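The values are calculated or read from the model by the stated rules, or taken from the named source; none is laboratory data. Quick caveat, the model's predicted, so the values are computed rather than measured. Here the Cβ positions follow ideal geometry from the backbone for every residue, glycine too, while neighbour counts run over all protein chains shown.
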């Protein structure tokens, strides 16, 4: 038996770094804070790798399956004998895998930010907030119970809010941070309701009990039906609502594109690799219960599938490179959700589960790489718009090479990482739902198309007039790019079926070439179309856009979802709900109180003359009273 | 002593003094006069004490002693009142009670 209790330091180090740098950051040179933060994360990275090695390769298995370990536990709130809220560290295959993902990407982003954020106002604040985020995200994945997860869930929401609003002097950044916070908060309300319903019916928060083989969730909460679904199904749907909000699933996705107002390393860390996959992680964490509630799982699959298509269509029309990447993130997370939705439980049935986690893992590498590459491009040309770029491959050779690798990886071209994970997802979808499988084939082609549209627009085509000659980024920025590019190339060869599976038992799988070859061909077709349209700047793409007419405009305007939200809130909610409520508050609630005050004021104004300051008036009143009382008593006594 | 003086003579005298005192306190505007009115009220009470003591309990002296105490306390009270009046006079150069109306709403 190996002692894993040191893993609590994975959580404590970033917290300590946050507190120290947050309180004393203004006293030192900014670079000192940056180095403290990066070193802290480096230690966390090493600890995570060490833990993963010990967990996967040294720790004994129980009946062939990886154990679920309670490495550290501390009862925080003791509600009843059965119901208590703990804080602790839970180690199982997915949490250990997430530790690797988060610490690696976070460490890379820290190094990158040393170069990218150099000379920015608030450099120290940036690094202490990054530490806060790392702390919250690590706490989220190693949560032992759903309540601890909820606490850290809110913490990542706050740190995301703070980092999106990093340039708080810019109105658009402030608006974006508020939007992200409000939308995810609204979704978290659903999450909280789900937690309450779940813990009320099962009487526990604990993940090990809840997702174990004889979970109380399988038996309780089945009898009572509401709108045709059992209590447990409803609680799973509410929990999924929280996950959908964080993971930017349709229709709660509107905050993610705007969140790109934050600094680019933040987009890479939070809004591409780690926080936005928290929803996927949540569903995976609760997967045995979701699997038991098939109707909820069906909804997960369709929401994922629809989002992946929807986001891919929008991504084809955007010009802001970060927004293209944001929509592509949504699309890829849709893939992961879909894979979970079509998955079964146990053995080869659990292929979708494994594929989802696999894609989460590989996606973290190539999407972080894409964002960091985009950061390097923006750093070089000071623009976010791809139509103001072109021919950059000569100036940014390292960025160009790594970006190309990431594009190939996300498009699913072997041997890059994305191919393997995406292939597993397609196989899982093929065996469970042909309609979703068809959608995913289409999306695979569109992914390749929009990624190479971006790639050709930025690195090929005609050179634009730049303010100054674009130059390659410093070593602190290119080093993470190279490391992540290596990850994106080789992560696909990790045998996930042996490590991360739905029931922790390894199983055998093999690439189904009957599905893989068409998907490669579709991706190549997407790349081919992009090459024809964008390698040389030509008018063909504009003509196609013109021909598509209304559909193109709708996609370019993100299908007017933002406008729909604005219409619902401003026109309907504000007019027909908020305004009457405000009227009631102002006129009825406040009015009653004002009336009380008015009457009191009026009465006292009328009788205040009684206190005239004239001594003899008081004396007269006093003596009259005495005489009146005397007469009264005489009258009473004589009768 | 006072044999043959009926009790109601004392009572009429005391009541008359008491209400003269009350009247003076309510209508006179001069603080000194008001103080004198209070002395009248006190003394009317003293007369009652002495008279009742003599007639009801001739073998006891409590009424007499009580009167002595009242006189002593009244003297002390008068000195305090006059001190206050002098301070008021120094402040507003007036001892008219109607001018002293600052402590109001």
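A few remarks follow.
- Taken over the stretch A:577-621, residues that are within 10 Å of another protein chain (Cβ to nearest Cβ) and within 30 Å of residue B:34 (Cα to Cα) amount to 13.
- Filtered residue count, the stretch B:85-105, keeping only those that are in a helix (DSSP H, G or I), within 10 Å of chain A (Cβ to nearest Cβ) and surrounded by fewer than 11 Cβ atoms within 10 Å (Cβ to Cβ): 0
- When residue B:32 is tested against (1) within 12 Å of another protein chain (Cβ to nearest Cβ); (2) under 30 Å from residue A:608 (Cα atoms); (3) under 21 Å from the mean Cα position of the chain (by Cα); (4) in contact (Cβ under 8 Å) with a residue 24 or more places away in the chain, just one condition goes unmet, and that condition is (1).
- Residue count for the stretch A:443-464 satisfying the condition of being surrounded by fewer than 16 Cβ atoms within 10 Å (Cβ to Cβ) and either more than 26 Å from residue A:389 (Cβ to Cβ) or touching a helix residue (DSSP H, G or I) at 6+ places or on another chain (Cβ under 9 Å) (or both): 2.
- Index of the failed condition, residue B:82 passing every other in (1) more than 30 Å from residue B:4 (Cα to Cα); (2) surrounded by 14 or more Cβ atoms within 10 Å (Cβ to Cβ); (3) away from chain A (no Cβ under 14 Å): (2)
- Given (1) modelled with pLDDT under 85; (2) within 18 Å of the chain's Cα centre (by Cα), index of the condition residue A:230 fails: (2)
- Residue list for the stretch A:105-140, filter: surrounded by fewer than 24 Cβ atoms within 10 Å (Cβ to Cβ) and within 30 Å of residue A:503 (Cβ to Cβ): A:139
- Residue selected from the stretch B:14-27 under the condition surrounded by fewer than 19 Cβ atoms within 10 Å (Cβ to Cβ) and facing chain A (nearest Cβ under 9 Å), by the criterion nearest to the chain's Cα centre (by Cα): B:26
- Filter result for residue A:475 (surrounded by fewer than 23 Cβ atoms within 10 Å (Cβ to Cβ), touching a helix residue (DSSP H, G or I) at 6+ places or on another chain (Cβ under 7 Å) and farther than 29 Å from residue A:349 by Cβ): no
- Of all the numbered requirements in (1) in contact with a helix residue (DSSP H, G or I) (Cβ under 6 Å, 6 or more places away or on another chain); (2) more than 26 Å from residue A:558 (Cβ to Cβ); (3) buried (at least 23 other Cβ atoms within 10 Å of the Cβ), residue A:295 misses one, and that requirement is (3).
- The requirement of being in contact (Cβ under 8 Å) with a residue 40 or more places away in the chain and outside any helix (DSSP H, G or I) is fulfilled nowhere in the stretch A:97-108; no residue meets it.
- Residue in the stretch A:112-126 that is more than 26 Å from the chain's Cα centre (by Cα) and either within 20 Å of residue A:10 (Cβ to Cβ) or part of a strand (DSSP E or B) (or both) present: no
- Within the stretch A:114-144, the set of residues being on the phi > 0 side of the Ramachandran plot and touching a residue at least 40 places away in the same chain (Cβ under 8 Å) comprises A:122 only.
- Boolean, residue A:576 is surrounded by fewer than 15 Cβ atoms within 10 Å (Cβ to Cβ), on the phi > 0 side of the Ramachandran plot and free of Cβ contacts under 8 Å to residues at least 24 places away in the same chain: no
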